[in-house]
Each structure stands twice: as C-alpha cells, then as structure tokens.
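Step one of this worksheet: look at the structure below.
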Amino acid sequence: MAALALGAFVGTNVDNLLALGAQMAATEPRRHRRIAEGQFTATIIVIALCALLGSGLKVVPHTLIGLMGLIPLTLGIRAGVLLFQHRSDDRTVPAAAGFLSSLGVTLAISADNVGVYLPILATSGLLGGVVSVGIWVLADLGLIGLAGWIGRHPAARAQVEKVGPLALPVLFVALGVIIIVRSGTFGL
C-alpha cells in the first residue's frame, strides 16, 4: 500500500512541483512561506475531499471540474496585465505568487490527484487509507522543501530572470488552458 500511495503521489504531482518551484523562483524569498502554505492547504483540502466523499466525486462531470482551469488562467492574465503596466525598466515579477494564488493553482491542477487518490482510498480499507494519507502529507512536505530549494537556488533564480517576468504569467495561462482542454470544458 505504501508503494502504491507514494507512486500515486509522484505520478500526480510533477505539475505541482513545476508550478510551485516556478512561483518560488519568480518571487522574493520572504513570500515563499505563504506560497508553501497555499500548496499544503490545497493538498490537505484535496486529500480531505477524497477521504470524505469517496467515490461520490465520480458523479461530477469532468467538464465542471475543468472550470477550475479558470483559476490559473485568470491569475496568468492578471499577472500579464500587471507586467505590461510596469515601467519598461522594472524587471520585477508582478505579485501572482502568494497564499491564495498558490492555493488556487494547486487546487486547479489537482484533478489528477483526485482521480487517483479516490479509488485508492475507496479500495484500501481504514489502515491502508491512513497509511496513504500519511504518505501523501509527508510527500507534500518533501515536495514543498524541494520546490523551496529550487526557488532559492541561484541557477533556478537566474533562469527565471533570464526568461524574464513573463515566465510565471505564461506558465499560469498554459496550466489553465491545459486543464480546460483536457477536461473537455467548453467543448474544447
């Protein structure tokens, strides 16, 4: 059960690592804690929903879950607008990485987590469920630590500076579009 839970976490959280690492690399280190808190809170919400609702979420149409893609899409557009409102010599990334944006993005990209965690919890029994939830919580703390390291790493921060302040808005818009398209929302 532990190997299954860990494999499920790794397989469904590559996107979370990339989004979280990018948010941290694109913002000043004093904001990293709030970003990490948003990620962890969203993970707890996803796990709690899966544990409480079990297979009940299977009746929610995929197209409705896809509406969550509007969160990162909106954040990306907002960050892009703020970016273009800045002076041309101002290379700072607009505020698009804090508790609420991290929470929203993590929730929006967690449909795969729900799709994988639900059947595991529905079929694992009480002990297996407790073990799985424990592994997912600990693994998320590890993911946050790794993303924090990426966000503080000089090479990662230099890459973000090279790519420019447009990287975070583009990432958020891309995540939003991918979520909407993959879920079939709006018939796309």
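The values are calculated or read from the model by the stated rules, or taken from the named source; none is laboratory data. Just so it is clear, the structure is predicted and the values come from calculations on it, not from any experiment. All Cβ positions, even for glycine, are placed from backbone atoms using ideal geometry, and neighbour counts span all protein chains on display.
Residues in the range 9-56 that are surrounded by fewer than 16 Cβ atoms within 10 Å (Cβ to Cβ), over 26 Å from Leu127 (Cα atoms) and within 14 Å of the chain's Cα centre (by Cα): Val14, Leu18, Glu37.
Pairing residues of the range 23-48 that are touching a residue at least 40 places away in the same chain (Cβ under 8 Å) and assigned to a helix (DSSP H, G or I) with residues that are surrounded by 21 or more Cβ atoms within 10 Å (Cβ to Cβ) and of a type in the set (D, E, K, R), at Cβ distances under 9 Å and at least 6 apart in sequence or on separate chains, gives Gln39/Asp140; Phe40/Asp140; Thr43/Asp140; Ile44/Asp140; Ile47/Asp140. If you filter the range 153-188 down to residues that are charged (D, E, K, R) and within 21 Å of Ala79 (Cβ to Cβ), you find that the one that is modelled with the highest pLDDT is Arg157.
Inside the range 111-143, can you point out the residues that are part of a helix (DSSP H, G or I) and among the small types (Gly, Ala, Ser)? Ala111, Gly115, Ala122, Gly125, Gly128, Gly129, Ser132, Gly134, Ala139, Gly142, listed by residue number.
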